[in-house]
């Protein structure tokens, strides 16, 4: 039994692929004359109309005083507030009787980058940073000790917009 | 004669208190804590801090609750606008000079200035032009540092040394805003009870060198316990941080130590954190001790007890719990029994201002308990008797030196030379790791609670000894062991864990011994 196939008759104008191809090519080539939007990472890390937000919360940085010592006084608030429990702190006392951290380590793998440590710090010592490139050759390198935290140079997060501190 | 009661109203709560009660104490009964600094129930009233101002109806000015006695029909409002404003001003004045160094202050988290400013202080200061004072930290004594900047001059420390310790080496030097706590130039704060000034200090001005920078107040877990320093049996709180005891502080008990404890007891906690503990039961195989599990070690111990006949000697530590001492005797019930303990003796150091409170010469927290259970002080005789005894049981007595022909069962926290001679060595928990009771020198039975886990397989002494009994008699808990003890010993008759609570209670036989104890 023969199968009946109904063949639609359509005008050549519609069935020709040539027209559709040219249309597509026209769109493609029109992009040559539009402004470029691709950022050339890693050569380029910011464009005129796009940079990392100043409120970005990335890997930490410890600020230092004029003598290059960490500003941290080992008060213990950041390990207390940390929801990921990634800060290890052992307080000690230096020769002048100042309290300072003997051990201060942040496990950046555990960290959830909430920024609470920066928010709670009474000495404005520990900060989350505007920084996102963190590759390493070994996993244990992600536990940042005090020396490493002090050596970081990236800008620190502002956490909130200074012009609108109560805003979202 | 019962005291005459007066009724008054404090913050709309009606209370009846004995005549002569101070308003601040009556307010506590009404459930109101009036903020205060200079007042302390264990010290004479000074009325210098002006913090406890409250509004008493029909009195023209505010009164200080710490120096006002209650009167019948008094109507007191602690939260009236006037009282609140006055207290807020006092706090503001205190904060003119007080440094805001809470992040580095050891008192942060348990500081009364922090608490009360947070509770009812102003959010900001109006004295922005005024520069804070700066004076160097002073070394007052063996365990006390004085940070003058933080001092709010409540004079609790001065009054403690003068009226309680009766060694007035502290005073308030200078006047006005230059005032500070001064120490006699030729003295040091080295009284055996001087450490109490650190607890009394409401702010972080007097600090313990031992505890300095060690932990933050909010990291500490607190457990009610009994001091093991001597036979006085002071009630204490063990502060632990991550299962390490970091500090011992007095726990108020008006019948024993009031609000105080001595420096010996305060420093006597490091042994609780010892690392060189026995962590598994050991049994003798040939010439050496070998680690095993509890089942095998207990089976071996039961075999020893079952197989032997004749005399048994128990050499015990006066630091063992009453439960363990009782069960040690019970486990040897089938033998001709001798029990003895030895007591380390040191200097006695009384606290002059409190009757019947001293660091006792006998450094034995449970010596009385051992005596009540039939253990004697004839230690040398017991050691001699041990030579020919069938079974010798050593309960956490690391200084024991025993030669015996019989079998030696050792229960202890560490492995001293005597344990190396043992047929079985069982690891037990120390005072911070188990629940139990001590009987102090006045015959007061007091409970202590578990503050941290025991290392490895170590179990409480009452459990290990209870397992040596026939199966039906084994206690299921420390409370169960104490119930057995109370049923068997007339001196402990009628007592139970529930009844002892946190304050403890007298044994019936010991009741006459401690005459002169303040009620």
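So here's what we get for this one:
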read-out	value
Test: residue in region A:42-65 that is free of Cβ contacts under 8 Å to residues at least 40 places away in the same chain, surrounded by 10 or more Cβ atoms within 10 Å (Cβ to Cβ) and either farther than 24 Å from residue A:159 by Cα or within 14 Å of chain B (Cβ to nearest Cβ) (or both)	no
Residue within region B:116-136 that is out of contact with any helix residue (DSSP H, G or I) (no Cβ under 9 Å at 6 or more places or on another chain), within 14 Å of chain A (Cβ to nearest Cβ) and over 29 Å from residue B:169 (Cβ atoms) present	no
Hey, residue A:94 modelled with pLDDT of 95 or more and touching a strand residue (DSSP E or B) at 6+ places or on another chain (Cβ under 9 Å) or not	no
Lone qualifier among A:108, A:95 - being over 23 Å from residue B:103 (Cα atoms) and either in contact with a helix residue (DSSP H, G or I) (Cβ under 7 Å, 6 or more places away or on another chain) or within 14 Å of chain B (Cβ to nearest Cβ) (or both)	A:108
Criterion violated by residue A:103 - all others in (1) farther than 24 Å from residue A:134 by Cα; (2) within 14 Å of chain B (Cβ to nearest Cβ) satisfied	(1)
Residue match in region B:263-274 (condition: within 14 Å of another protein chain (Cβ to nearest Cβ) and either within 17 Å of the chain's Cα centre (by Cα) or at pLDDT below 95 (or both))	no
Single unsatisfied condition, residue B:226 versus (1) more than 20 Å from the chain's Cα centre (by Cα); (2) modelled with pLDDT of 95 or more	(1)
Within region B:202-223, tally of residues that are closer than 17 Å to residue B:240 by Cα and either touching a residue at least 40 places away in the same chain (Cβ under 8 Å) or part of a loop (DSSP other than H, G, I, E, B) (or both)	13
Residue match in region B:289-305 (condition: more than 14 Å from every other protein chain (Cβ to nearest Cβ) and either under 20 Å from the mean Cα position of the chain (by Cα) or within 22 Å of residue B:156 (Cβ to Cβ) (or both))	no
Hey, residue A:84 surrounded by 10 or more Cβ atoms within 10 Å (Cβ to Cβ) and within 14 Å of chain B (Cβ to nearest Cβ) or not	no
Per-region count, region B:194-214, residues buried (at least 24 other Cβ atoms within 10 Å of the Cβ) and within 14 Å of chain A (Cβ to nearest Cβ)	1
Test: residue in region A:123-146 that is without any contact (Cβ under 8 Å) to a residue 60 or more places away in the chain, surrounded by 17 or more Cβ atoms within 10 Å (Cβ to Cβ), closer than 16 Å to residue B:103 by Cβ and within 14 Å of chain B (Cβ to nearest Cβ)	no
Hits in region B:109-136 - residues which are in a loop (DSSP other than H, G, I, E, B) and either in contact (Cβ under 8 Å) with a residue 24 or more places away in the chain or surrounded by 13 or more Cβ atoms within 10 Å (Cβ to Cβ) (or both)	B:109, B:110, B:111, B:121, B:122, B:125, B:126, B:127, B:130, B:132, B:133, B:135
Selection status of residue B:350, free of Cβ contacts under 8 Å to residues at least 12 places away in the same chain, outside the structural domain of residue B:254 (by TED's automatic domain parsing) and within 18 Å of the chain's Cα centre (by Cα)	yes
Among residues of region B:137-148, those that are within 14 Å of another protein chain (Cβ to nearest Cβ) and outside any strand (DSSP E or B), counted	3
Residue in region B:154-169 that is touching a residue at least 12 places away in the same chain (Cβ under 8 Å), surrounded by fewer than 22 Cβ atoms within 10 Å (Cβ to Cβ) and over 28 Å from the mean Cα position of the chain (by Cα) present	no
Residue ID - surrounded by the fewest Cβ atoms within 10 Å (Cβ to Cβ), chosen from residues in region B:91-108 that are within 14 Å of chain A (Cβ to nearest Cβ) and touching a helix residue (DSSP H, G or I) at 6+ places or on another chain (Cβ under 6 Å)	B:99
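The values are calculated or read from the model by the stated rules, or taken from the named source; none is laboratory data. Since the model is a prediction, treat every value here as computed from it, not as a measurement. Please note: Cβ atoms are built from the backbone with ideal geometry, for glycine as well, and neighbour counts cover all protein chains shown.
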